[in-house]
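The values are calculated or read from the model by the stated rules, or taken from the named source; none is laboratory data. Bear in mind the structure is a predicted one, so any value in this text is a computation, not a measurement. Neighbour counts are summed over all protein chains in view; Cβ atoms, including those assigned to glycine, are modelled from backbone coordinates with ideal geometry.
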Amino acid sequence: MKSSDIIIILTTFFLSLILLAVLVLLKNSQVINQENEYNETDTPDPSTPPIPNPTPSPTPIGSDNVPDFCPLNYAPDAFTKNFKLSEFNSKGTAPPTSIRGNIQQLMNELQIIRDTIGVPIIVNSGYRTPMHNENAGGAKQSRHMCGQAADIKAKGLSLDDLWATINRLIKSGKIKDGGLSKYNTFIHYDIGPVRRW
Ligand SMILES: [Zn+2]
């Protein structure tokens, strides 16, 4: 082996060592830079998945509070010119969306009554939760729990006149027949099965 060959081999060997050392140094400096970045910006660990924003539950609120005998009729809201949903609340509890369509049908009939008498109708009791219905001494199959009944009175109109008006509207086919009864302080009207008491 010639001396020049030995010089070439040694030179190659040392150059390789230097190159390796430079590479190791570069890699270390990158790690340090990354650490500094995290320290400076306080970026959360990227391996932790982001917490998704809570989305509204598609389950209708309180739908479990509706008895089986009630027809389900989903609607986001219920209103007419003179009535709004909150007037049918059960002691502060809004009717579940699963029966708001029933409330809407009832409201449509009440609006016809209201347009006929020309004075405001006061809803004493509209929708009732099963617990509210039990506490109020309501019937076991009360249509109030279905959002199909309202206990009402009218400003400046006797209960007899209100009852007679509703009865006339039913007879002439202007509003749905259902349950109708006069109590001491209100008229009960519902769009459930036809009955009188
Ligand atoms: Zn009633």
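Considering only residues that are surrounded by fewer than 20 Cβ atoms within 10 Å (Cβ to Cβ) and more than 10 Å from the ligand (Cβ to nearest atom), look in segment 133-153 and name the one that is nearest to residue 121 (Cα to Cα).
153
Could you say which residue among 92, 62 is crowded, with 16+ Cβ neighbours inside 10 Å, within 23 Å of the chain's Cα centre (by Cα) and modelled with pLDDT under 95?
Just a single option satisfies the conditions, and that option is 62.
Residues 156, 101, 126, 179: which one is touching a residue at least 12 places away in the same chain (Cβ under 8 Å), more than 15 Å from the ligand (Cβ to nearest atom) and at negative phi?
101
So which pairs qualify, if the first residue must be in segment 71-95 and assigned to a strand (DSSP E or B), the second must be of a type in the set (Val, Ile, Thr), the Cβ gap must be under 8 Å, and the two must be at least 6 apart or on different chains?
90/129; 93/129
Among helices (runs of 4 or more DSSP H) lying entirely in segment 97-197, which contain 3 or more residues that are closer than 22 Å to residue 81 by Cα?
100-117, 159-171
Determine whether residue 192 is within 15 Å of the ligand (Cβ to nearest atom), closer than 30 Å to residue 68 by Cβ, in contact (Cβ under 8 Å) with a residue 24 or more places away in the chain and assigned by TED's automatic domain parsing to the domain that holds residue 77.
Against the criterion (within 15 Å of the ligand (Cβ to nearest atom), closer than 30 Å to residue 68 by Cβ, in contact (Cβ under 8 Å) with a residue 24 or more places away in the chain and assigned by TED's automatic domain parsing to the domain that holds residue 77), residue 192 qualifies.
I need a count of the residues in segment 157-176 that are charged (D, E, K, R), surrounded by 17 or more Cβ atoms within 10 Å (Cβ to Cβ) and more than 19 Å from residue 127 (Cα to Cα).
0
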